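Notes follow once the structure below has been shown.
Read-outs throughout are calculated quantities, based only on the coordinates presented, and are distinct from any laboratory measurement. The shown structure was predicted, so the numbers you read here are calculated from the model rather than taken from an experiment. Positions of Cβ are generated from backbone atoms using ideal geometry, with glycine treated the same way; all protein chains shown enter the neighbour counts.
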Amino acid sequence: MAQIQNAFTLFLSLLVEAIPFLLLGVLLSSALLILIDERKLIQGMPRHPLLGSLVGSCIGFLFPVCECGNVPVARRLLIQGMPTSVAIGFLLAAPTINPIVIWATWIAFRDQPEVVILRVVFSLAIATTISWIFSTQTNVASILQPFLANRINQLPTKPLSPEPIRATSMLLQSGTYILGETEKPLRLDDNFNLLSTKITEPKRFGAFLDNVVQELRELGGMLVIGSAIASCIQVFIPREVILNLGQDPMTSILAMMLLAGMVSICSTVDAFFALSFASSFTTSSILAFLVFGPMIDLRSMGLMLSIFRPRILIYLFILAAQLTFILALVHSYLF
Amino acid sequence: MNAKAKFSTKFIYSGIESLALLAWGSLLLKYSLSGQLRLLIHPNYFGLVYVTSIILLAIGGIKAGQLFKQWRKNKLYPLDETIKHITLLPAGLGSSLLLITALLGWIIPPAPLTSHIALQRGVSDALFVNTRLQPQAFRATIKPEERSLVDWVRTLNVYPEPDAYAGQKVKVSGFVVHLPELPENYLFLSRFILTCCAVDAYPVGLPVKLTQNRSLYPPDTWLEIEGDMVTETLAVDPQQMTETTTSQRQLVINAKSVQKIPTPADPYGY
């Protein structure tokens, strides 16, 4: 009975510490989501593959905190003409490269600042590398789900330079047309921007609030499940078992990566989750958890299936897992 | 599904959503006002939790108000589709989980962590005092009998020579842990130290030498102990929590008076 009470107290403690950060992240991301002009963002993207990958990994700073919000953003960016490799960098790095996530990690690991710094550095390095690798593949059809690739192939050749609407008659031209606000048929290819996200002023607050509640509900639910798992492991699994697993450099990293893949906890609060293992697991394995979890877990795999072909998802998984494992192992030998 | 049934399911989901927000907001507010937060997280973050509770209550209130209006008009506005989310949790599961945990939080009050956690996290590490935090307010001039248990551990951490403290007066409080590797007339007086929240609480403490068997004081009893410091040789391995052949000399409280006290409102050290 005392143990159940202990587990419950730990569970509550995790939730009470994590919910303010979750809320902060959700508020910030919802605000940015509505304020940022995605088309301008894509226009400013550098064309060099490596530089593009790096920038793609860093624009996570401007976008939602979690995978479930990021995946739709990546889809929109892809449809608006962002290179696929940049989108991959964005998807992998965005959950970690984010002010709220970095702050929460700092609070959880105040006495180990290297965890915070290395988390950012490793995540950026891995995301940029993978994004760079994918930039060699220019045929989007082999990466993306067919319906998405089709939409991108139909993009005008110069999608980012808005052309003036042609004054000639619409009647004899071929192509897809839409009815704009003036009720005059507009050629879709020339007016692609009308289809992209456009939020009118009075609707903004409503959209903001809806987004906040939606993300809180989804991420909060995952947080409850993750916290329950963490507190049960802490209380009910014998110390010897955990120490045996957690003190060996190899098994500890593998165990924490497996855990990261399974629990699918939101990156804003996964530092607190990891903290509950900090006393029994090696620092390298904690780092592996913090780097790998936000990139690949069961939930994000499910979400990314809506963008990538399954084969590409497997490549992503293998690359991210290998790089995380290698970097964590290097860390365990150097520090 | 006909339109009416669809309406009521959507309505129920939105209702649970608003209730979950309100329940969490009020629970956090209750923890803030009642001081129960001290059992859960480090005082640095009290303000953050307080603000969060207000924001959650506000969002929940607005959402509930919208829902109430729509219910009176008997029409649900379509969800704003400008921002699309792909959800993985089945509809209603996320908010239901949040609602249930908030209600559980209202029903079951948080309790201080017990000696079981101390043993699980390895209290004997603290026998040889390797606390993770550096001492923040180290005062050499403080009178020995005014040091708290945590102060003692920090002082020892800075200057770990047991003999330097022999003969000094002690008056400390903490909870009882029965370490199996200590002899029957010793108990371990412990406190948890928090750096972030209860999840990372780690126990520190000192062994206490009693005049009688420790079974008089069951685990988790809170005690105030007065006595003086002595050095003893105890056979405990700090890492494995097992008896070893090589014994180590360490500081022990020689108890002169042992008093049971109620669990304090702020049981943790920081």
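Net charge near A:Ser284: determine it from the other residues with C-beta under 15 Å of the C-beta of A:Ser284, scoring Lys and Arg +1 and Asp and Glu -1.
That sum, taken over residues with Cβ under 15 Å, equals -1.
Using the basic label-point model (7 angstrom from Cα toward the beta carbon), what is the A:Tyr333 to B:Glu232 distance in nanometres?
Result for the modelled spin labels: 4.7 nm.
Ranking request for peptides A:209-217, B:105-113: highest mean number of other beta-carbon atoms within 10 Å first, then the rest in descending order. Show your work: numbers first, answer last.
Details: A:209-217: 22.9, B:105-113: 17.3.
Highest-to-lowest ranking by the protection proxy: A:209-217, B:105-113.
Tell me whether region A:1-150 comes out rounded, prolate or oblate; compute the Cα gyration tensor, take square roots of the eigenvalues as a ≥ b ≥ c, and use a/c under 1.5 as the rounded threshold.
prolate
How large is the charge dipole for region B:156-210, taken about the Cα centre, if only the Cβ atoms of Lys, Arg (+1) and Asp, Glu (-1) carry charge, to the nearest 20 debye?
280 debye
In peptide B:49-62, what is the residue-averaged number of other protein chain Cβ atoms found within 10 Å of each Cβ?
Per-residue shielding by partner chains comes out at 3.
Report the label-to-label distance for B:Lys256 and B:Val158 in nanometres (one decimal), using points 7 Å from each Cα along the Cα→Cβ vector.
Each label point is offset 7 Å from its Cα along the Cβ direction, giving 2.6 nm.
Sorting B:Arg147, A:Arg309 on the 10 Å Cβ count, fewest up front, what's the list?
A:Arg309, B:Arg147
Mind checking the mean number of beta-carbon atoms from other chains within 10 Å of the Cβ atoms in A:275-282?
Numbers: counts 5, 6, 2, 6, 9, 3, 0, 0.
Taking all residues of A:275-282 together, the mean is 4.
Checking the a/c ratio against 1.5 first, then a/b against b/c, what shape does the Cα gyration tensor give for region A:1-59? Mind dumping the intermediate values first?
Numbers: a/c = 7.87, a/b = 2.68, b/c = 2.93.
In terms of gyration-tensor shape, oblate.
Measuring from a point 7 Å past the Cα of B:Lys143 along Cα-to-C-beta, which residues in region B:254-270 have an amide N at less than 20 Å?
Label zone hits: B:254-259.
Whole-Hz Karplus ³J(HN,Hα) for region A:311-319, in order, using 6.51 cos²θ - 1.76 cosθ + 1.60 and θ = phi - 60°, x for Gly and Pro?
Karplus values, whole Hz, x for Gly and Pro: 5, 5, 5, 5, 4, 4, 4, 5, 4.
Pop the C-beta distance of B:Val51 and A:Gln112 into the FRET formula with R0 = 30 Å and round what comes out to the nearest 0.05.
The pair B:Val51/A:Gln112 has a calculated efficiency of 0.65.
Take the alpha-carbon centre of region B:143-215, take the same for region A:29-46, and report the distance between them in whole Å.
When both Cα centres are located, 56 Å separates them.
Within 10 Å of each Cβ in peptide A:18-26, how many partner chain Cβ atoms are there on average? Round it to a whole number, please.
Details: counts 3, 10, 12, 3, 1, 8, 4, 0, 1.
That works out to 5 on average.
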